[in-house]
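Input: a single structure, listed below in structure tokens.
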Amino acid sequence: MAISWHIAKYGRAIVGGRYCALPNGPVPSEVLDLLNGLITGDISPEFWGTGIETALQVSGDPYPTFLPKVKPDMSVLSESDVEILDKVITEFGKWNFHRLVEFTHSLPAYMKAAERDPDSRNPAIDYEDFFEGNTFVVPGTKQELLENYALSRVFPEHPLAV
């Protein structure tokens, strides 16, 4: 929910990357790779030296739980990131797993991804689909997102948060 609310209101994702419509809900594939690496002990080189492997305690099987062992570094988040994350926690923080899965599967962005690629186990979600049916949409943010994406394709050495 944070991704769609933040994109709709501010024209950028909190965490960039390739979002996929996975069986348990949408997730950035890079985050899933990181979490899977924490479970198996095979952390991707891009995360080496970040301290992530000592920051979280992983427990549970077959459904792992990730518990923080250190306080988060809030300085890496913008004010808008914190605003939206707080709203999501307030709105959905007490929901159980099954209710969250059911809700995320009903979101237009999730359904469009699944319809576009019905044979895939992890179809990609297009960022622009996060705007459909989203009550947080601010006029102009979709256009800004698309323009920033176009610029990042032309100037890859200066990536924008898309």
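The values are calculated or read from the model by the stated rules, or taken from the named source; none is laboratory data. Predicted model, so just to flag it, every value in this text is computed and none were measured. Neighbour counts run over all protein chains shown; Cβ positions are idealised from the backbone, glycine included.
Odds and ends about this structure:
- Failed criterion for residue 136 (all others in (1) over 16 Å from residue 2 (Cα atoms); (2) of a type outside the set (Val, Ile, Thr); (3) surrounded by 15 or more Cβ atoms within 10 Å (Cβ to Cβ) hold): (1)
- In the set (1) in contact (Cβ under 8 Å) with a residue 24 or more places away in the chain; (2) within 21 Å of residue 17 (Cα to Cα), the condition left unmet by residue 128 is number (1).
- Checked against (1) touching a strand residue (DSSP E or B) at 6+ places or on another chain (Cβ under 6 Å); (2) without any contact (Cβ under 8 Å) to a residue 24 or more places away in the chain, residue 119 passes all but condition (1).
- Given (1) surrounded by 13 or more Cβ atoms within 10 Å (Cβ to Cβ); (2) modelled with pLDDT of 90 or more; (3) not in a loop (DSSP other than H, G, I, E, B), index of the condition residue 143 fails: (1)
- Scanning the stretch 1-59 for residues that are over 25 Å from residue 111 (Cβ atoms), among the aliphatic types (A, V, I, L, M) and in contact with a helix residue (DSSP H, G or I) (Cβ under 8 Å, 6 or more places away or on another chain) gives 34, 38, 43, 52, 56, 58.
- Residues in the stretch 132-162 that are under 22 Å from residue 31 (Cα atoms) and either among the aromatic types (Phe, Trp, Tyr) or touching a Phe, Trp or Tyr at 6+ places or on another chain (Cβ under 7 Å) (or both): 145, 149, 162.
- Residue match in the stretch 7-18 (condition: within 20 Å of residue 98 (Cα to Cα) and buried (at least 16 other Cβ atoms within 10 Å of the Cβ)): no
- Checking residue 137 against (1) touching a His at 6+ places or on another chain (Cβ under 9 Å); (2) more than 20 Å from residue 22 (Cβ to Cβ), the condition it does not meet: (1)
- Neighbours by Cβ (under 9 Å, 6+ apart or cross-chain): first from the stretch 17-30, at positive phi; second surrounded by fewer than 18 Cβ atoms within 10 Å (Cβ to Cβ) and among the acidic types (Asp, Glu): 17/30
- Members of the stretch 87-106 found to be within 14 Å of the chain's Cα centre (by Cα) and over 20 Å from residue 32 (Cα atoms), listed by number: none
- Selected residue [surrounded by fewer than 17 Cβ atoms within 10 Å (Cβ to Cβ), more than 30 Å from residue 119 (Cα to Cα) and either of a type in the set (Val, Ile, Thr) or touching a Gly at 6+ places or on another chain (Cβ under 7 Å) (or both)] from 52, 84, 39: 52
Residue-wise test of (1) touching a residue at least 40 places away in the same chain (Cβ under 8 Å); (2) over 15 Å from residue 1 (Cα atoms); (3) touching an Asp or Glu at 6+ places or on another chain (Cβ under 8 Å).
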{"position": "66", "(1), (2), (3)": "no, yes, no"}
{"position": "75", "(1), (2), (3)": "no, yes, no"}
{"position": "91", "(1), (2), (3)": "yes, no, no"}
{"position": "142", "(1), (2), (3)": "yes, yes, yes"}
{"position": "145", "(1), (2), (3)": "yes, yes, yes"}
{"position": "151", "(1), (2), (3)": "no, yes, no"}
